[in-house]
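The values are calculated or read from the model by the stated rules, or taken from the named source; none is laboratory data. If you're wondering where the values come from, they're calculated on a predicted model, not measured in any experiment. Don't worry about glycine lacking a Cβ; one is built from the backbone with ideal geometry, like all the others, and counts go over all protein chains shown.
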Amino acid sequence: MKNIGLAFFFILLLVGCENDKSFKNSLDKAQISESDIEYFQNLVGDTVLFTVDQSGLRPDAISILNAQVKWLKEKTFLPITIEGHADEQGTREYNLALGARRATAVREFLLAKGIEQDRISIVTYGKERPLRVCSNEECWSKNRRAVTVVGKKIVE
Amino acid sequence: MVRHSVLKLLIIFSFTSILFINFSFVAAQKNDAPQLDMTVNRGVIKPISLAVPSFIKESGANSIISRELAKVISNNLDSTGLFKSIPQSAYVSMPLSFNTPVQFSDWSIINADVLVMGSVGLKPDGRLEVKFRLWDVSQQKEIGKGKQYFTNSESWRRISHKISDTIYTRVTGEGAYFDSRVVFVSETGPKDNRTKRLAIMDQDGANFRLLKHPPSLVIAPRFSPTSNKIIFTGYETGKPRVYLMDLSSEEITSLPELKGMSFAPRFSANGKQIVLSMTENGNTDIFINTLSTGVKRRLTTNNAIDTAPSFSPDGKSIVFESDRGGGQQLYIISTQGGDAKRISFGKGRYATPVWSPRGDLIAFTKIKEGKFHIGVMRVDGTKERLLTTSFLDEGPAWAPNGRVLMFFRETPGRAGAPSIYSIDISGRNLRKIKTSSFASDPNWSPILN
């Protein structure tokens, strides 16, 4: 499963190359070490997706979060902020509350798997920070997300 | 032929940099019964035909102001959909002096129902002197009494709004709303990288100004009842938090007693309390915060999302949205706490309820079958009426007189962006408010002092 993911990542990089220079840059980029944050973002997966109006963790989210836990346990010095997001199909305030629910669902999972409580902050952005901008399910499904940002801590 | 009453200049306002309003006089005017009947045929209002000649130029005044005073009044009254200005090119005569008798035949021949006569002069101390009288053309008599204003010359627009309010109130019997401002969020940049800034403008879109604040995300500013402060949600610390801004100094203070994430704040009608929602451990509930003491009181306690609270004008109740019953619906709870009573029961999801300043209606956003609507219902949940429909209409805000709503409409897709609209609570007269950037989250001030 992980190998397929890696292969797919390399294919994406190759497809994206239009000249020799960027091809070289991409190769350099591809040789990221397992301890890099970039590795966590792209190969472990920093983002989990949610069903419309739901904050329950789906099976696809749980497998990503298990991988996150494995990686995070080796980097005990890194703080984490979990950002919760919603798609544009709801009102502003409700989506803020929904994003908070989603971020909290991820936080609860990480805590249950033994990640230290004082490493984790959460924040909701509601529908304020869409990743994709089309107005149909293709984009909405990518915007209903919780992102685990490593190295970021919100100071109260 | 013309019954010409002696002009009674009842009030002489003294203006410094800020307009000073004599409230006792305004109150006396409120007792004037509407002087004209609006004709309603098959649900279509026949607008009142209005003549507003350029104000008569008296000593020292410039002709730009004399024209613009009339123009702003025409625009204001036309924007209600209840009046229709006759173009000045159709006039058969122009008044030459403020005190000469009105030639009613010149105005009845172009079918004017109402004539607004005004004059503007510049005093030696630099102040403007503005006078106006309102005439019923068919009855050949004055509606109400003449008024006179003094102001510094930069404030001429506000005089136009005050005169518009007087005309609107005398003719329709409804409360005033033109001398008011709107705070909102000005939006620039692409949809996936928007910059949001707090901004303020006059009700008609004039005098647009960005407010100073840290560059982080801001959401939904709302006026204090005296219009000198706003409360809003900002991300300066990295998470949503409620902040107060003094509008004269643009100084920002946070409410230190808040924990976790806080958002959706609104003032009570007396300005002493703020109701807001706060999220702790993923659960969002309603709290009341007393500004003078900083004491925070929890109002709801369940596991549902309780947010978007709004005070009733008498300060006794709060309407909010909650998904405690499954989907988003509207509930009313006493500010003393206790059980919340559900008031919305239709199909779809109800959100962002806002109590009318008159106390009679609640405006809301409704999401039904993939469409968004702005609607109103009575406080007991009956007589629901949807006023708009689109891909995304959201966030109604009441005009000070409780007869008009502003909201924002966002268009779909990659280039999708929000604009502010207004609509009459009858469902008529949908209008886009011109802004120099994308604009969302409007909030309407009370009538200014």
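In the set B:Asp165, B:Asp179, B:Asp192, only one residue is among the charged types (D, E, K, R) and part of a loop (DSSP other than H, G, I, E, B); that residue is B:Asp179. Here A:Lys152 fulfils each of the conditions (1) under 27 Å from B:Ala415 (Cβ atoms); (2) at pLDDT below 95; (3) not aliphatic (A, V, I, L, M) apart from (1).
The rows are residues; the columns are (1) buried (at least 20 other Cβ atoms within 10 Å of the Cβ); (2) within 11 Å of chain A (Cβ to nearest Cβ); (3) at pLDDT 95 or above; (4) part of a strand (DSSP E or B).
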residue	(1), (2), (3), (4)
B:Leu198	yes, no, yes, yes
B:Pro221	yes, no, yes, yes
B:Thr233	yes, yes, yes, yes
B:Leu244	no, no, yes, yes
B:Glu257	no, no, no, no
B:Phe263	yes, yes, yes, yes
B:Gly271	no, no, yes, no
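Quick check on the stretch A:71-78. Is at least one of its residues crowded, with 17+ Cβ neighbours inside 10 Å, more than 14 Å from the chain's Cα centre (by Cα) and basic (Lys, Arg)? No: zero hits.
Can you tell me how many residues in the stretch B:172-196 are within 14 Å of chain A (Cβ to nearest Cβ), surrounded by fewer than 22 Cβ atoms within 10 Å (Cβ to Cβ), touching a strand residue (DSSP E or B) at 6+ places or on another chain (Cβ under 9 Å) and of a type outside the set (Lys, Arg)? Residues that pass the stated criteria total 2. Against the condition of a type in the set (Asp, Glu) and in contact with a strand residue (DSSP E or B) (Cβ under 9 Å, 6 or more places away or on another chain), how does B:Asp165 come out, does it pass? No. A residue that is β-branched (Val, Ile, Thr), under 16 Å from the mean Cα position of the chain (by Cα) and closer than 24 Å to B:Val183 by Cα occurs somewhere in the stretch B:354-373. Checked against (1) of a type outside the set (A, V, I, L, M, F, W, C); (2) under 25 Å from B:Phe287 (Cα atoms); (3) without any contact (Cβ under 8 Å) to a residue 60 or more places away in the chain; (4) surrounded by fewer than 20 Cβ atoms within 10 Å (Cβ to Cβ), B:Lys239 passes all but a single condition, namely (4). A:His85 meets each of the listed conditions (1) within 14 Å of chain B (Cβ to nearest Cβ); (2) out of contact with any Phe, Trp or Tyr (no Cβ under 6 Å at 6 or more places or on another chain) apart from (2).
Could you check the stretch B:43-160 for strands (runs of 3 or more DSSP E) lying wholly inside it with 3 or more residues that are over 28 Å from B:Ile433 (Cα atoms) and in contact (Cβ under 8 Å) with a residue 12 or more places away in the chain?
Values: elements: B:44-46, B:48-51, B:83-85, B:114-122, B:127-136, B:147-152.
Those strands (runs of 3 or more DSSP E) span B:114-122, B:127-136, B:147-152.
Could you please let me know if B:Arg324 is assigned to a strand (DSSP E or B) and either more than 14 Å from B:Thr233 (Cα to Cα) or not polar (S, T, N, Q) (or both)? Don't jump to the end; show me each part of the working.
Values: assigned to a strand (DSSP E or B): no; either more than 14 Å from B:Thr233 (Cα to Cα) or not polar (S, T, N, Q) (or both): yes.
No; evaluated as a whole, the condition is false for this residue.
Tally time: how many residues in the stretch B:78-130 are over 30 Å from B:Arg403 (Cβ atoms) and either outside the structural domain of B:His161 (by TED's automatic domain parsing) or basic (Lys, Arg) (or both)? Total satisfying the criteria: 2. Residues considered: B:Lys371, B:Lys383, B:Lys366, B:Lys432. Of these, the only one that is surrounded by 21 or more Cβ atoms within 10 Å (Cβ to Cβ) and among the basic types (Lys, Arg) is B:Lys366. Here B:Asn303 fulfils each of the conditions (1) more than 21 Å from B:Arg181 (Cβ to Cβ); (2) within 14 Å of chain A (Cβ to nearest Cβ); (3) surrounded by 14 or more Cβ atoms within 10 Å (Cβ to Cβ) apart from (3).
Here is the figure for the stretch A:96-126: residues that are more than 16 Å from the chain's Cα centre (by Cα) and either touching a residue at least 40 places away in the same chain (Cβ under 8 Å) or within 10 Å of another protein chain (Cβ to nearest Cβ) (or both) total 8. The C-beta contact set for the stretch A:132-156 (first residue within 8 Å of another protein chain (Cβ to nearest Cβ) and within 20 Å of A:Ala67 (Cβ to Cβ), second residue at pLDDT below 95 and surrounded by fewer than 17 Cβ atoms within 10 Å (Cβ to Cβ), distance under 7 angstrom, 6+ apart or interchain) is empty. Scanning the stretch B:328-350 for residues that are outside any strand (DSSP E or B) and surrounded by 14 or more Cβ atoms within 10 Å (Cβ to Cβ) yields B:Gln328, B:Thr335, B:Ile343, B:Ser344, B:Gly346, B:Gly348.
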